[in-house]
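Following: one structure in structure tokens, then a few remarks.
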Amino acid sequence: MTKLNYLSWNVLLLLVLFLCTLNVYAGAWGRAAKSGYFQTSFTYLKYTQLLNGSNPTSDLKRSVLDITLQTYLEYGLGNNLTLVGVLPFKMLQTGDDLLDAPLDLYPNAMAVAAGKHQGLSNVSLALKYQFYNQGFVASAQLGTSMPASAYQAATGLRNGYDCWSFSPRLLVGKGFNKAYLTASAGLEFRTNNYAHNVTGSVEYGYGLAWNEQQKTWFTAVMNIYLPISNGTYNDDTSVHTGLYQDEASYVSPGIKINHGINKNWWINVSAYGAVYANHGGAFPTLNVGIAYEW
């Protein structure tokens, strides 16, 4: 296996995707009135290369450390309407050492500085309305995310996209005896000269019940995020870190494991790869979370 193929299959794309949370119930199903699901998760990613679509990976002159602490909420408002919210906090750092980067796209004189940066990323909210439940479930969702404009030009560290986004989606799902299948398709419209995107996902989960209190879901996922217009946003020195660049894209398979400790508490672990990625850090990462459901 070539180095490029190895990195492509093992990269976890750490982007602002409130569309792709670790929630075991993610998909077309809504929440009953006053019921909810609250999750806190931690993601660690460190990389020294970027994936560039069908082109070879490029080396970075400094390593990039990207840590995310994120809270996720689903709450049933009643009448088949569910509120969804994501609050991500970023802790970013460029490495102290200047790396040997033979495949870097820029001269040494353009290397970004070593440093740290932290702050809120793109906070997002959505409303999901379940409008059909006859043999299968269908829902419509409208979401928005807020700008995260904090940026350090000296280090190239950027904690989110500097734009508003508006995301209509259609979701369908069907439950089986011990499994479920759900899919979604949507669009993401963005301001501030960013590219607009098409989004999609397919998810299949299989559950094992160990006793009346404990259950584990094993889930296979495929996520799609592709631009449908040409963006003209100036990424500036963020091209040296790969953080939240305009026209970022991917086709990403993944695996999620969600274990119910009891009827209220869950532990979640996920890992994703990429059959295609552009402007994404090339290295494995781990995402773990704990959740409470009521």
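The values are calculated or read from the model by the stated rules, or taken from the named source; none is laboratory data. Not measured: the values here are computed from a predicted model. Every residue, glycine as well, gets a Cβ built from its backbone with ideal geometry; the counts of neighbours run over all protein chains shown.
Taking Thr144, is it over 26 Å from Thr191 (Cβ atoms) and in contact with a strand residue (DSSP E or B) (Cβ under 9 Å, 6 or more places away or on another chain)?
no
Pro168 falls short on exactly one of the conditions (1) modelled with pLDDT of 95 or more; (2) crowded, with 19+ Cβ neighbours inside 10 Å, and that condition is (2). Just so you know, in the range 209-229 the residues that are more than 20 Å from the chain's Cα centre (by Cα) and modelled with pLDDT of 95 or more include one that is surrounded by the fewest Cβ atoms within 10 Å (Cβ to Cβ), and it is Ser229.
Within the range 183-197, one or more residues are at pLDDT 95 or above, more than 30 Å from Ala154 (Cβ to Cβ), buried (at least 21 other Cβ atoms within 10 Å of the Cβ) and touching a Gly at 6+ places or on another chain (Cβ under 7 Å). Does the range 49-67 include one or more residues that are within 26 Å of Thr199 (Cβ to Cβ), modelled with pLDDT of 95 or more and in contact with an Asp or Glu (Cβ under 9 Å, 6 or more places away or on another chain)? No: the range 49-67 contains no residue that is within 26 Å of Thr199 (Cβ to Cβ), modelled with pLDDT of 95 or more and in contact with an Asp or Glu (Cβ under 9 Å, 6 or more places away or on another chain). Could you tell me whether Lys116 is basic (Lys, Arg) and either over 17 Å from Arg158 (Cβ atoms) or surrounded by 14 or more Cβ atoms within 10 Å (Cβ to Cβ) (or both)? In short, no. Going through the range 204-227 one residue at a time, which ones are of a type outside the set (Val, Ile, Thr) and closer than 29 Å to Ser167 by Cβ? Across the range 204-227, the qualifying residues are Tyr204, Gly205, Tyr206, Gly207, Trp217, Phe218, Ala220, Met222, Asn223, Tyr225, Leu226, Pro227. Of all the residues in the range 55-71, those that are within 26 Å of Ala101 (Cα to Cα) and either free of Cβ contacts under 8 Å to residues at least 40 places away in the same chain or under 15 Å from the mean Cα position of the chain (by Cα) (or both) number 5.
Which residues, taken from the range 236-289, are in a loop (DSSP other than H, G, I, E, B), free of Cβ contacts under 8 Å to residues at least 40 places away in the same chain and within 28 Å of Gly205 (Cα to Cα)? Spell out how you get there, then give the answer.
From the range 236-289, those in a loop (DSSP other than H, G, I, E, B) are 241-248, 261-264, 273-275, 282-285; that's our starting set.
Of the ones still in play, those that are also free of Cβ contacts under 8 Å to residues at least 40 places away in the same chain are 245, 264.
Matches in the range 236-289: Asn264 only.
In a residue-by-residue description of the range 135-143, the property of being at pLDDT below 95 and within 30 Å of Phe218 (Cβ to Cβ) applies to at least one position.
Screening Gln70 with (1) assigned to a strand (DSSP E or B); (2) in contact with a strand residue (DSSP E or B) (Cβ under 6 Å, 6 or more places away or on another chain); (3) more than 30 Å from Gly289 (Cα to Cα) gives one miss only, at (3). Taken over the range 163-197, the residue count meeting the criterion of being of a type in the set (Phe, Trp, Tyr), in contact with a strand residue (DSSP E or B) (Cβ under 7 Å, 6 or more places away or on another chain) and farther than 17 Å from Asn133 by Cα is 3. Selection of the range 80-122 for residues being in contact (Cβ under 8 Å) with a residue 60 or more places away in the chain, under 12 Å from Arg62 (Cβ atoms) and part of a strand (DSSP E or B) yields Leu92, Gln93, Thr94. Condition (residue is exposed (fewer than 15 other Cβ atoms within 10 Å of the Cβ), out of contact with any helix residue (DSSP H, G or I) (no Cβ under 9 Å at 6 or more places or on another chain) and of a type in the set (Val, Ile, Thr)) applied to the range 251-266: is it met by at least one residue? Checking the range 251-266: at least one residue is exposed (fewer than 15 other Cβ atoms within 10 Å of the Cβ), out of contact with any helix residue (DSSP H, G or I) (no Cβ under 9 Å at 6 or more places or on another chain) and of a type in the set (Val, Ile, Thr). Of the residues making up the range 72-113, those that are surrounded by fewer than 17 Cβ atoms within 10 Å (Cβ to Cβ) and within 16 Å of Asn159 (Cα to Cα) are Phe89, Met91.
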